[in-house]
6 protein chains.
Amino acid sequence: MRVSICRKGHFNAAHRLYNNNWSKEKNKKVFGICSNENFHGHNYELTVKIYGELDKETGMVFELKRMKDIIKKEVEDVLDHKNLNLDIPYFKNVVPTTENLAIFIWKKLYDAFKIDCKLTVILYETPRNFVEFSG
Amino acid sequence: MRVSICRKGHFNAAHRLYNNNWSKEKNKKVFGICSNENFHGHNYELTVKIYGELDKETGMVFELKRMKDIIKKEVEDVLDHKNLNLDIPYFKNVVPTTENLAIFIWKKLYDAFKIDCKLTVILYETPRNFVEFSG
Amino acid sequence: MRVSICRKGHFNAAHRLYNNNWSKEKNKKVFGICSNENFHGHNYELTVKIYGELDKETGMVFELKRMKDIIKKEVEDVLDHKNLNLDIPYFKNVVPTTENLAIFIWKKLYDAFKIDCKLTVILYETPRNFVEFSG
Amino acid sequence: MRVSICRKGHFNAAHRLYNNNWSKEKNKKVFGICSNENFHGHNYELTVKIYGELDKETGMVFELKRMKDIIKKEVEDVLDHKNLNLDIPYFKNVVPTTENLAIFIWKKLYDAFKIDCKLTVILYETPRNFVEFSG
Amino acid sequence: MRVSICRKGHFNAAHRLYNNNWSKEKNKKVFGICSNENFHGHNYELTVKIYGELDKETGMVFELKRMKDIIKKEVEDVLDHKNLNLDIPYFKNVVPTTENLAIFIWKKLYDAFKIDCKLTVILYETPRNFVEFSG
Amino acid sequence: MRVSICRKGHFNAAHRLYNNNWSKEKNKKVFGICSNENFHGHNYELTVKIYGELDKETGMVFELKRMKDIIKKEVEDVLDHKNLNLDIPYFKNVVPTTENLAIFIWKKLYDAFKIDCKLTVILYETPRNFVEFSG
């Protein structure tokens, strides 16, 4: 019997959208005000969903306390109150769009959870824009 | 690598549920107070989800600014502050339920986005009732 | 000891903003698309706040069940799935703006609650616009 | 043409996580403060999703009023203001985790709706933790 | 220059409404299903508001980190995953209504913050019912 | 007859908390991770409340369309996708805390609205922290 268990998290970060292989003009044309050179920022709201087998004894798919701790260690402690472009090496040559940030988070969590499951990451950049990634 | 990018929109409209092929009594029986002849209305809250291929260069599935502009042009400018039954020809002989309204929006957006993707429309009629349509 | 007890309610209605003493042109100029002749509509979200004396025995300012029932009888049953302009006599010569609707609700509830209190009505016309009235 | 129609519900309940086949110590170790012997409680927020065939005549997948009534009768009237461990026989030997509670609700609703559909139950235990079950 | 700084918190608890000085019948009559003997429970959502003088040097009314820590120590650690009637001595002879719980929280925080301010506690028992207390 | 009319707005910005008159160490001690030198950021959610006299003819306190336009021009166009410390001269020697940002917004709006009213600005820095300022 397979069930999804979901847990929310959040972090605040600064970023700008900028592709180092492009000219300043092309960045401005493609990314608009999102490429402003002094950065802007967001409250990122995260939902992590594990779709896996129900453990009959515990009645759980994954222990919620451990899920919360892993999200804190792998995502919130790494990204909260940071500048994605300057402080996170992964984004040195990867544009920190919500899509790429969701993929980054998905990889870190998939490695950390270490269970047979379908993992989905839902990431709100603003209350009006969000991204979903399931590997 | 496939990711979903989602954007919210909203519009306000009046409507009533009424099937022209039925008697007034049958409409009353099936649709209840939703068939009241002087109309009632809703704040419709819309989420549009494009599940497609990530563009490696931009780090995006679909340019968010263009997505927002298309939703405004195809949905919000057409439906906002309107009476669905009287002002929108499509609903002359189609009952404007949330289901049918989501299908109407899906068709208009699918034609406008012009990309290879799975498109999903989520439409809240009230904060407690909503519909999902994926084609 | 004075405390505020608050309860939410909701109703859906159609309306248009139109002052019968003005020309069609002046209505269009002042109210814009909100004056469209076929009406539009909203999900109104209501918060009712009673600021009054705590009853030491019950530990309550006002019995919550009774508060819910009065809001249902005086507001929801009267306004839900209605056209404010056509179905509610009060708005025959009063423009059904959110301000005037909040005042209408406040008067009905103040008469019905029959207690010595400061009564506040908060009325959301959309998730982005709302009004507060305290008499 | 298949569409999903969704309706929200809610109920409040007390519970504790406790597996009768384990020692008190093991329960404490696995479930932590969630196993406290005097119980704690939650406002459960429920979303029920029916993915089924659109009825061309009504423009609906399932009549919303009936859906609301069935959720009230099968779920809210049964669970609201109850102690899951003591008042609901099903949980005598089943740990009342959010996962098991969602499965319990799913079974009751699937039997009551009696239509050919994919049924999904989404259950929030807190605004930060939730579960999805689709059978 | 006076400004309000607000911080949210939350905790889950079980309770029942019961006045020990009354008969079982009177409790049933006044409190209805809220007096059920096996308890029920809620996710309490708390907002704490300090209205005080702005410190020109820090640009703050009260250090947000300290505010969060005090709310955790005085409220969340004390009430989370507890039974208000059985685990909190204050409620041995005080009915744990939302009003009385807000007053209990207000007193603990007012003593702990130790600053000249107007303190307000807003406490949601459910997303639809809440209480405000300002001393 | 006095009523409050409220309108929401939003903008995204980067900032850091740093008092130029203090040492790096003191900034670190007082502001913690909020003083990180590469900035972080937020989705600021704004509510603007005008408490003023109801105009009998329009049924409004202030024309909502004009209120929206002024908020856009005076706040959103100025602050959205900006770095508060580097792009907004006002914050050259003022720490961009939520308190100071709310005061900045209040002053700009009070000058722009040009009506006799009590103006309140409510500013969410995150969904969990917010500030209120009424002059």
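For a quick check of your reading of the model, give me the residue pairs whose first member lies in segment D:79-94 and is more than 7 Å from every other protein chain (Cβ to nearest Cβ) and farther than 12 Å from E:Gly41 by Cβ, whose second is open to solvent by 40 Å² or more (accessible area, probe 1.4 Å) and of a type outside the set (Asp, Glu), with beta-carbon atoms closer than 7 Å and at least 6 apart or on different chains.
The qualifying pairs are D:Ile88/D:Lys82; D:Asn93/D:Asn20.
Any residue at all in segment B:101-109 that's within 30 Å of A:Val30 (Cα to Cα) and out of contact with any helix residue (DSSP H, G or I) (no Cβ under 8 Å at 6 or more places or on another chain)?
Our first condition is that a residue be within 30 Å of A:Val30 (Cα to Cα); within segment B:101-109, this holds for B:105-109.
If we keep only those that are out of contact with any helix residue (DSSP H, G or I) (no Cβ under 8 Å at 6 or more places or on another chain) as well, we get B:106-107.
Checked segment B:101-109: at least one residue is within 30 Å of A:Val30 (Cα to Cα) and out of contact with any helix residue (DSSP H, G or I) (no Cβ under 8 Å at 6 or more places or on another chain).
Going through segment D:126-135 one residue at a time, which ones are within 14 Å of chain E (Cβ to nearest Cβ) and open to solvent by less than 20 Å² (accessible area, probe 1.4 Å)? First the steps, then the outcome.
As a first pass, look at segment D:126-135 and keep what is within 14 Å of chain E (Cβ to nearest Cβ): D:126-130.
Within segment D:126-135, D:Thr126, D:Asn129, D:Phe130 meet the criteria.
So which residues in segment C:41-55 are within 12 Å of chain B (Cβ to nearest Cβ) and open to solvent by 40 Å² or more (accessible area, probe 1.4 Å), if there are any at all?
First, pick out the residues of segment C:41-55 that are within 12 Å of chain B (Cβ to nearest Cβ): C:41-45.
C:Glu45 - this is the single residue of segment C:41-55 that is within 12 Å of chain B (Cβ to nearest Cβ) and open to solvent by 40 Å² or more (accessible area, probe 1.4 Å).
Out of the residues in segment A:16-29 that are over 16 Å from F:His81 (Cα atoms) and part of a helix (DSSP H, G or I), state the one that is farthest from the chain's Cα centre (by Cα).
Taking segment A:16-29 as the starting set, the residues that turn out to be over 16 Å from F:His81 (Cα atoms) are A:19-26.
Going one step further and asking which of them are part of a helix (DSSP H, G or I), we end up with A:24-26.
Values: A:Lys24: 27, A:Glu25: 28, A:Lys26: 26 Å.
The qualifying residue farthest from the chain's Cα centre (by Cα) is A:Glu25.
What is the residue count in segment E:1-40 for residues that are away from chain D (no Cβ under 14 Å), open to solvent by 40 Å² or more (accessible area, probe 1.4 Å) and within 30 Å of E:Tyr51 (Cα to Cα)?
So the count comes out to 2.
Which pairs have Cβ atoms under 6 Å, sit 6 or more apart or on different chains, and link a residue in segment D:1-19 that is touching a residue at least 12 places away in the same chain (Cβ under 8 Å) and closer than 16 Å to D:His42 by Cα to one that is acidic (Asp, Glu) and part of a strand (DSSP E or B)?
D:His10/D:Glu45
For segment F:99-117, which positions are open to solvent by less than 10 Å² (accessible area, probe 1.4 Å) and under 18 Å from F:Glu76 (Cβ atoms)?
Within segment F:99-117, the first condition is being open to solvent by less than 10 Å² (accessible area, probe 1.4 Å), and the residues that meet it are F:99, F:101-103, F:105, F:109, F:113.
The answer is F:Leu101, F:Ala102, F:Ile103, F:Ile105, F:Leu109, F:Phe113.
Report yes if E:Ile122 is more than 14 Å from chain D (Cβ to nearest Cβ), within 11 Å of the chain's Cα centre (by Cα), surrounded by fewer than 21 Cβ atoms within 10 Å (Cβ to Cβ) and in contact (Cβ under 8 Å) with a residue 40 or more places away in the chain, otherwise no.
Here the answer is yes, as E:Ile122 does meet what is asked.
The conditions are (1) in a strand (DSSP E or B); (2) farther than 30 Å from E:Asn21 by Cα, and C:Ile5 fails exactly one of them. Which is it?
Of everything listed in (1) in a strand (DSSP E or B); (2) farther than 30 Å from E:Asn21 by Cα, C:Ile5 misses just condition (2).
Does D:Val95 satisfy the condition of being crowded, with 21+ Cβ neighbours inside 10 Å and closer than 15 Å to D:Phe113 by Cα?
Considered against the rule, which asks whether it is crowded, with 21+ Cβ neighbours inside 10 Å and closer than 15 Å to D:Phe113 by Cα, D:Val95 comes out as no.
How about segment D:20-32: which of its residues are in contact (Cβ under 8 Å) with a residue 12 or more places away in the chain and aromatic (Phe, Trp, Tyr)?
Listed by number, the list holds a single entry, D:Phe31.
In the list E:Leu46, E:Leu54, which residue meets the criterion of being under 15 Å from the mean Cα position of the chain (by Cα) and within 26 Å of F:Tyr124 (Cβ to Cβ)? Lay out the reasoning, then the answer.
Values: E:Leu54 fails: under 15 Å from the mean Cα position of the chain (by Cα).
After ruling out the rest, the residue left standing is E:Leu46.
I want to confirm something. Restricting to segment C:86-119 and keeping residues that are β-branched (Val, Ile, Thr) and more than 29 Å from F:Ile122 (Cα to Cα), which single residue is farthest from the chain's Cα centre (by Cα)? Reasoning before the result, please.
The initial filter retains those residues of segment C:86-119 that are β-branched (Val, Ile, Thr), namely C:88, C:94-95, C:97-98, C:103, C:105, C:115.
Now narrow it down to the ones that are more than 29 Å from F:Ile122 (Cα to Cα): C:88, C:94, C:115.
Numbers: C:Ile88: 13, C:Val94: 14, C:Ile115: 19 Å.
Per the criteria, the residue is C:Ile115.
Just to verify a result, which residue in segment D:56-78, among those that are without any contact (Cβ under 8 Å) to a residue 12 or more places away in the chain and surrounded by 15 or more Cβ atoms within 10 Å (Cβ to Cβ), is farthest from B:Phe91 (Cα to Cα)? Outline the logic, then answer.
Start the filter on segment D:56-78 by keeping residues that are without any contact (Cβ under 8 Å) to a residue 12 or more places away in the chain, which leaves D:56-59, D:63, D:65-66, D:69, D:77.
Pick out the ones that are also surrounded by 15 or more Cβ atoms within 10 Å (Cβ to Cβ) and you get D:58-59, D:63.
Details: D:Thr58: 13, D:Gly59: 11, D:Glu63: 19 Å.
Here the answer is D:Glu63.
The values are calculated or read from the model by the stated rules, or taken from the named source; none is laboratory data. Bear in mind that the values here come from a model prediction, so they are computed numbers and not experimental data. Don't worry about glycine lacking a Cβ; one is built from the backbone with ideal geometry, like all the others, and counts go over all protein chains shown. Accessible surface is based on the protein model in full, side chains and every heavy atom, while ligands, DNA and RNA are left aside. Shrake-Rupley method; radii C 1.70, N 1.55, O 1.52, S 1.80 Å.
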